[in-house]
Structures are given as C-alpha cells and as structure tokens.
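S.K.: Have a look at this one.
The values are calculated or read from the model by the stated rules, or taken from the named source; none is laboratory data. What you see is a predicted model, and the numbers here were worked out from it, not measured in a lab. Counting neighbours? That spans all protein chains shown, and the Cβs are built from the backbone with ideal geometry, glycine included. For the accessible areas, the whole protein counts, side chains as well, though only heavy atoms, and no ligand, DNA or RNA atoms are used. Shrake-Rupley method; radii C 1.70, N 1.55, O 1.52, S 1.80 Å.
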Amino acid sequence: MTSQASLNDILTSNPYESHPSLTPLEAAVLWEYAKLAQNVRMVTQKARLLNEEPDRVMLAKLRVLEKKMGLVLTLFKASVWGVINEQPEPSMQNQSYSDSGDATIRH
C-alpha cells in the first residue's frame, strides 16, 4: 500500500524540487524521467497480466468456431458417404456388360 502511495506521489509532486545541489531545470528533467519510468513500469505490469491470462472473449469465439467445424466435418462425412452409396457396385457393372457388339479378332 505504501508503494502505491509513493507511486502516485511521484506522478503528482516533484521529489527533486527541494534538492540543494540541483537546478530547477535539472530537478524538472529528473522528475520527468521518474514519471516516465513509472509509466513504463505500469505498462510492463499490464502487459504481463495480459500475457499470462488468456483472452476470454477470444476463447469463447474459438469454442463457437470449434463447434461449427465439428458440424461441417460431420456434414462432409455424410455427403461423402452419400456419394459412395450412389455409385453402382463393380460386380453389377460386369453383369450389364455384353461383348456382342465387339468386332475384335481373337486368336
């Protein structure tokens, strides 16, 4: 809790302002660097949080897509099965073939 209070203090008040060996310009520059460093720490912390925790919205969308792909696969298998069943059996093709019109000379 004290670290959060000190972090907010660095953003609102210049701790280098009353330092005896710094000019006002140097104190202002150091304060800007301190604020920048604090902002970089906060961005790093938020990036870590985002990286560690999976995106719940993305997971929900991927689950819906997974269900749809399962349905597409099932429909694809059913249509392939239908095409295979529509084809005549090879043994029936041989029965309907007659070579009466064949004029090939055989020895």
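S.K.: Please go through the stretch 26-82 and give me each residue that is under 30 Å from Leu11 (Cβ atoms), over 22 Å from the mean Cα position of the chain (by Cα) and of a type outside the set (A, V, I, L, M), ordered by number. Break it down into steps so the answer makes sense when it comes.
M.R.: Residues of the stretch 26-82 that are under 30 Å from Leu11 (Cβ atoms), as a first pass: 26-53, 55.
Imposing the further condition that a residue be over 22 Å from the mean Cα position of the chain (by Cα) reduces the set to 26-42.
If the condition is that a residue be under 30 Å from Leu11 (Cβ atoms), over 22 Å from the mean Cα position of the chain (by Cα) and of a type outside the set (A, V, I, L, M), then Glu26, Trp31, Glu32, Tyr33, Lys35, Gln38, Asn39, Arg41 are the ones that fit.
S.K.: Out of all the residues in the stretch 76-95, is one or more open to solvent by less than 90 Å² (accessible area, probe 1.4 Å) and at pLDDT below 85?
M.R.: yes
S.K.: So in the stretch 5-43, with the set limited to residues that are among the acidic types (Asp, Glu) and in a helix (DSSP H, G or I), which one is modelled with the lowest pLDDT? Walk me through it before giving the result.
M.R.: Of all residues in the stretch 5-43, those among the acidic types (Asp, Glu) come to 9, 17, 26, 32.
Restricting the remaining residues to those that are in a helix (DSSP H, G or I) gives 9, 26, 32.
Numbers: Asp9: 82, Glu26: 92, Glu32: 93.
The extreme case among them is Asp9.
S.K.: Please go through the stretch 20-54 and give me each residue that is touching a helix residue (DSSP H, G or I) at 6+ places or on another chain (Cβ under 9 Å) and open to solvent by less than 90 Å² (accessible area, probe 1.4 Å), ordered by number.
M.R.: The initial filter retains those residues of the stretch 20-54 that are touching a helix residue (DSSP H, G or I) at 6+ places or on another chain (Cβ under 9 Å), namely 22, 31, 34-35, 37-39, 41-42.
Passing the criteria: Leu22, Trp31, Ala34, Lys35, Ala37, Gln38, Asn39, Met42.
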